[in-house]
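The values are calculated or read from the model by the stated rules, or taken from the named source; none is laboratory data. Quantities reported herein were computed from a predicted structural model and do not represent experimental measurements. Glycine also receives a Cβ, built like all others from the backbone with ideal geometry; neighbour counts cover every protein chain displayed. Accessible surface areas use protein heavy atoms only, side chains included; no ligands, DNA or RNA. Shrake-Rupley method; radii C 1.70, N 1.55, O 1.52, S 1.80 Å.
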Amino acid sequence: FGLSIPRQNLGTKIEYYVGARSTLAQGGAIRFLPATGGHVPPNYIITDLTTPSPLVVNEVLADNKSVDKDQAGDYDDWAEIHNTSNAPIALAGYYLSDDILNAKKWQFPAGTTIPAKGFVRVWLDNEPNEGKLHATFSLDKDGEEVVLSDASGRILDIMVFGDQKED
């Protein structure tokens, strides 16, 4: 199955899901992908990709066994966000995720700022009780994505990676 969505205006919110009805089951059972699609469909916002964000996903480590310890002494996954601009940026209202269909999975805490030309590391360890820069998800070393988005859900940057070697 496939689908083409016609060209849309900037800022348009697109909601989508797939529903399949069984003709074999009595009453024609319906299954949705994703499972929540029938009542909470995933969505995305049409954005202007010609205007790059000054914030980028700079580096990802998805199989940290001995490189960097967090404040609790754990070797956990992490992502580094880089501010390419000449001014500091307050990160409140920005999000990280490992799922482009759920781009607003973890919100940067209020008061988090990234300096001009600076970097911020976020521990992707699903251990938010270990500190304010510990996200509520972790990464799969076999490959996935790290998504950076703004408050509207607009994707600012995405890093897709494959199988990671240890460290």
List the aspartates and glutamates whose Cα lies under 16 Å from the Cα of LYS165, skipping any in the same chain that are fewer than 8 positions away.
GLU59, ASP63, ASP68, ASP76, ASP77, ASP140, ASP142, GLU144, GLU145
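Enumerate by residue number the trypsin sites (Lys or Arg not before Pro) in segment 120-167 meeting two conditions: DSSP loop (anything except H, G, I, E, B), and at most 12 other Cβ atoms within 10 Å of the site's Cβ. Walk me through the numbers before you get to the answer.
Details: sites: ARG121, LYS132, LYS141, ARG154, LYS165; in loops: LYS132, LYS141, ARG154, LYS165.
Qualifying residues, ordered by number: LYS132, LYS165.
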For LYS13, counting only aspartates and glutamates whose alpha-carbon sits under 17 Å away and dropping same-chain residues fewer than eight positions off, the answer is ASP48, ASP150
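Only bridges with both residues in segment 1-142 count here: give the DSSP antiparallel percent, nearest 5. Please list the in-between numbers first.
Values: 23 of 24 bridges.
Close to 95 percent.
Over segment 38-144, with the other protein chains present, what is the accessible area per residue in square angstrom, probe 1.4 angstrom?
Details: 5300 Å² over 107 residues.
With all protein chains present, segment 38-144 gives 50 Å² per residue.
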